[in-house]
Amino acid sequence: MNKRTILLVEDDQYNRDILREILEEIDDCQVIEATNGVEALEWLVSHAHPAVILLDMMMPQMDGYALLSQLQQSGQLNGLRVIGISARAQVDDQDKALAAGCWRYLTKPFNISEVETVVNEALNSVR
């Protein structure tokens, strides 16, 4: 059986490490990491769509909003489960991310059980 891919796009090493540890506990998944939207876009151009993308909305070089815009323009956003992640916890921030194409939105600091639940929901919705 092929493993499902989760693309983790996060510029902060500490947050990436925490998220990778959580994600690696999910059965039949492999985690691919990118440190910004540019790296993520390069990976997405040359690989099959991941099952889920965890996307930091605020990063240098290309933030999550710019990446979502690129994916939207190219038609690659259709069917992707993108979970936006950010330290910005205001309702307006969540609304902006959802309007940009995120399927769900999680805030930092991470609640481990919430991350697991949302990622599993995303994975189960794309089987």
Seminar exercise, completed: Dividing the helical contributions, -39500 (n - 2.57) per DSSP H run of n ≥ 4, by the residues of the chain yields a 222 nm value, nearest 500 deg cm²/dmol, of -13500 deg cm²/dmol
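Going by how many other Cβ atoms sit within 10 Å of their own, how do Ile18, Ile6 line up, fewest first?
Placing the least packed residue first, the sequence is Ile18, Ile6.
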Exercise. When Glu25, Glu33 are ordered from fewest to most other Cβ atoms inside 10 Å of their Cβ, what list results?
Worked result: Glu25, Glu33
For this session: For region 110-126, take each phi angle, set θ = phi - 60°, evaluate the Karplus expression 6.51 cos²θ - 1.76 cosθ + 1.60, and give the result in whole Hz per residue in order, putting x for glycine and proline.
Result: 6, 9, 4, 5, 5, 4, 4, 4, 5, 5, 5, 4, 5, 4, 5, 7, 10
Seminar exercise, completed: By Cβ neighbour count within 10 Å, fewest first, Asp27, Asp93, Asp56 rank Asp27, Asp93, Asp56
Exercise. Residues with amide H under 5 Å of Cys29's amide H, sequence separation 5 or more or different chain, H placed in the peptide plane at 1.01 Å from N; which?
Worked result: Arg4
For this session: Measure off 7 Å from each Cα along the Cα-to-Cβ vector at Ala89 and Asn111, then give the distance between these two points in nanometres to one decimal.
Result: 1.0
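Suppose every K and R has +1 on its Cβ and every D and E has -1 on its Cβ; what is the size of the dipole of the chain about the Cα centre, in Debye to the nearest 20?
In debye, rounded to 20, the chain gives about 420.
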Seminar exercise, completed: Around Asp63 (Cβ within 14 Å, Cβ-to-Cβ, excluding Asp63; K/R +1, D/E -1) the net charge comes to -4
Exercise. For labels at Glu24 and Gln61 in the simple 7 Å Cα→Cβ model, what's the distance in nm?
Worked result: 2.2
For this session: Please work out whether region 61-127 counts as rounded, prolate or oblate from its C-alpha gyration tensor, where a ≥ b ≥ c are the square roots of the eigenvalues and a/c under 1.5 means rounded, while otherwise a/b larger than b/c means prolate and anything else oblate?
Result: oblate
Problem set entry | Residue-by-residue Karplus 3J(HN,Hα) for region 40-52, coefficients 6.51, -1.76, 1.60, Hz, glycine and proline x | 5, 4, 4, 5, 5, 5, 9, 9, 5, 4, x, 5, 8
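Values in this text are rule-based calculations from the coordinates and carry no lab data. Values in this document were obtained by computation on a predicted structure and should not be read as measured data. Heads up, the Cβs are rebuilt from the backbone with ideal geometry, glycines too, and the neighbour counts pull from every protein chain shown.
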